[in-house]
Protein chains: 2
Amino acid sequence: MKSLIIASTSTIHGSGPLEYLMDELRVHFKSVNEILFIPYARPGGISHEDYTTNIAKAFSAINISVKGIHQFDNPKKAIENAQGIFTGGGNTFVLVNQLYKNDVLNSIKKAITKGTPYLGTSAGSNICGLTMNTTNDMPIVYPPSFKTLGLVPFNINPHYLDPNPDSKHMGETRETRIKEFHGFNTQPVIGLREGSWIEVKGDHLTLRGKLEARIFEYGKAPYELPTNSDLDFLK
Amino acid sequence: MKSLIIASTSTIHGSGPLEYLMDELRVHFKSVNEILFIPYARPGGISHEDYTTNIAKAFSAINISVKGIHQFDNPKKAIENAQGIFTGGGNTFVLVNQLYKNDVLNSIKKAITKGTPYLGTSAGSNICGLTMNTTNDMPIVYPPSFKTLGLVPFNINPHYLDPNPDSKHMGETRETRIKEFHGFNTQPVIGLREGSWIEVKGDHLTLRGKLEARIFEYGKAPYELPTNSDLDFLK
């Protein structure tokens with residue numbers, strides 16, 4: 001049975017990495033001793049090694065060890081054999097480019113489909129959607145495609161931000177950007193605020209965390225969805 | 001002689017479209033009766049027609065008429081014959097995709113090189129750099145390449161924003177994003193604040209407007225450059 005936590009962010013303001021999710025992760029990864037970490041998104045350009053060390057520190061709180069995918073000669077085999085998988089945040093373009101380069105997107109999808117528990121945060125959540133077209137990241141590398149895992153039947157916009165009425169900046173709001181997305185694409189987009197996540201259990205999707213999510217369906221006005229809502233209707 | 005205005009934004013807070021630039025544009029386009037407008041970036045998904053109408057209204061202040069490139073059967077010929085060219089802001093991915101689709105990047109470069117005065121704002125400025133890898137826009141379509149006009153020997157980050165110390169949002173600052181860019185690319189990036197522009201006269205580049213720009217050179221700490229500085233050293 002598929003089992004995923006697709007989180008807006010790894011860290012919420014004023015607390016440590018994954019701290020707000022730890023109780024969930026204890027349950028999510030209850031039968032896991034070691035997690036395979038995919039550090040490809042390299043936030044701030046951090047090395048795979050250093051990123052993995054930071055994540056290992058966070059998971060030590062629940063007695064789970066962490067190994068980075070870069071430590072394995074064969075990344076496909078590493079995914080196949082993983083007890084649990086975590087893809088961390090950073091730059092989605094860098095992440096997706098590296099996933100294509102190592103040809104592991106299918107391996108991740110297969111592992112998750114056969115039941116390997118998965119955690120994604122930020123860029124690692126983006127890739128669970130149909131495409132990465134709703135990432136907030138800067139396109140610092142050109143990946144072979146924007147197509148991603150399609151483990152949920154919509155796109156994800158992590159770190160969703162409400163418009164700031166005091167802003168004097170003439171750049172687009174997040175809502176405008178997603179409206180522009182719907183000028184060229186028809187799949188729904190879920191704006192996941194920091195502290196929210198999507199829980200996937202088999203084919204059942206639920207919004208979790210303390211906050212509402214903002215839903216953007218093609219041809220409809222965007223609207224708020226309360227936490228603990230069923231997301232199965234989004235197609 | 002090349003003659004370009006490469007502006008961070010079309011509009012600054014509290015004033016109308018292009019208003020802050022009008023005195024400059026009067027001089028820049030002094031021998032121009034009609035401008036060819038490239039509306040491909042479609043801000044907020046606006047149609048080519050409506051976008052062109054809005055821009056025509058702004059240019060009527062200096063008695064210049066505006067025709068949209070979409071009104072011509074042959075966009076290449078339209079560029080060749082243009083007295084002046086303006087590419088407006090919106091979504092850089094949409095703009096670049098359409099420029100490739102219509103195969104007009106070379107035509108624009110040729111026209112500018114032979115002396116057709118050019119104005120770019122936001123996305124229309126981004127394309128003057130070497131690549132569009134430092135756009136702030138959402139990747140709502142997948143263009144055939146991120147390579148752009150290379151009319152200046154660096155990349156541009158329009159709408160440059162300083163880090164907000166009060167932010168509780170865990171997304172990356174602009175500075176972090178550009179640092180990440182330099183993990184994979186070596187060309188300089190100029191962070192152009194709203195109200196700033198680059199003036200190109202022949203091979204001579206100058207920073208204009210009231211504000212400083214932030215310069216990001218590979219392997220160096222970012223630094224501020226005062227307005228009216230020569231930019232010829234950036235390579």
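For the residues of A:40-46, the average number of beta carbons from a partner chain within 10 Å of their own beta carbon is 3. Applying both filters, DSSP loop and at most 14 other Cβ atoms within 10 Å, to the chymotrypsin sites (Phe, Trp or Tyr not before Pro) of the stretch B:195-235 gives B:Tyr218, B:Phe233.
Can you sort B:Thr116, A:Thr227, B:Thr92 so the residue with the fewest Cβ neighbours within 10 Å comes first?
Neighbour counts put them in this order, fewest first: A:Thr227, B:Thr116, B:Thr92.
Starting from the label point of B:Pro153 at 7 Å along Cα→Cβ, the same points in the other copies fall at 5.4 nm, in ascending order. Treating r as the C-beta distance of A:Lys57 and B:Asn228 and R0 as 51 Å, the FRET efficiency rounds to 0.55. In nanometres and ascending order, the distances from the A:Glu19 label point to those of the other copies are 4.6 (point 7 Å from Cα along Cα→Cβ). Chain B versus the axis that turns it onto chain A: the residue with the nearest Cβ and the distance in whole Å amount to B:Pro139, 3. So what's Rg/Rh here for the protein assembly as shown, counting alpha carbon atoms and using the Kirkwood radius for Rh? My calculation of the ratio gives 1.00. Most simply put, the stretch A:3-225 has about 50% antiparallel DSSP beta bridges, counting only bridges with both residues inside it. For chain B, the relative contact order is 22 percent, taking Cα pairs closer than 8 Å that sit 6 or more residues apart in sequence and dividing their mean separation by the residue count.
Taking 27 Å as the limit for the C-alpha separation, the pairs A:Lys30/B:Lys168; A:Lys57/A:Lys235; A:Lys168/B:Lys76; A:Lys57/B:Lys168; A:Lys76/B:Lys168; A:Lys220/B:Lys147 exceed it in the case of A:Lys30/B:Lys168; A:Lys57/A:Lys235; A:Lys168/B:Lys76; A:Lys76/B:Lys168; A:Lys220/B:Lys147. Mean-square fluctuations from a GNM of chain A, with a 10 angstrom spring cutoff on Cα atoms, peak among A:Pro153, A:Pro139, A:Pro17 at A:Pro139. Peptide packing: for A:105-113, A:160-168, the average count of neighbouring Cβ atoms within 10 Å per residue gives the ranking A:105-113, A:160-168, highest mean first. For the stretch A:74-184, what class follows from the C-alpha gyration tensor (a ≥ b ≥ c being the square roots of its eigenvalues): rounded when a/c is under 1.5, otherwise prolate if a/b is larger than b/c, else oblate? The shape class here is prolate. What shape does the stretch A:154-235 take by its C-alpha gyration tensor, where a ≥ b ≥ c are the square roots of the eigenvalues and a/c under 1.5 counts as rounded, a/b above b/c as prolate, and the rest as oblate? Taking the square roots of the gyration eigenvalues as a ≥ b ≥ c, the stretch A:154-235 is oblate.
Need one word for the stretch A:1-76: rounded, prolate or oblate. Basis is the Cα gyration tensor (sqrt eigenvalues a ≥ b ≥ c); a/c below 1.5 gives rounded, then a/b vs b/c decides. Taking the square roots of the gyration eigenvalues as a ≥ b ≥ c, the stretch A:1-76 is oblate. With a Förster radius of 41 Å applied to the C-beta separation of B:Glu212 and A:Val27, the computed FRET efficiency comes to 0.20.
Over all directions, the average projected area of the alpha-carbon convex hull for chain B comes to how many nm²?
One quarter of the hull surface, i.e. the mean projection, equals 12.5 nm².
Readers should treat all values here as calculations from the given coordinates under stated rules, not as data from a laboratory. Since this is a predicted model, take the numbers as computed values, not measurements. For neighbour counting, all protein chains shown are included, and Cβ atoms are generated from backbone atoms with ideal geometry for every residue, glycine included.
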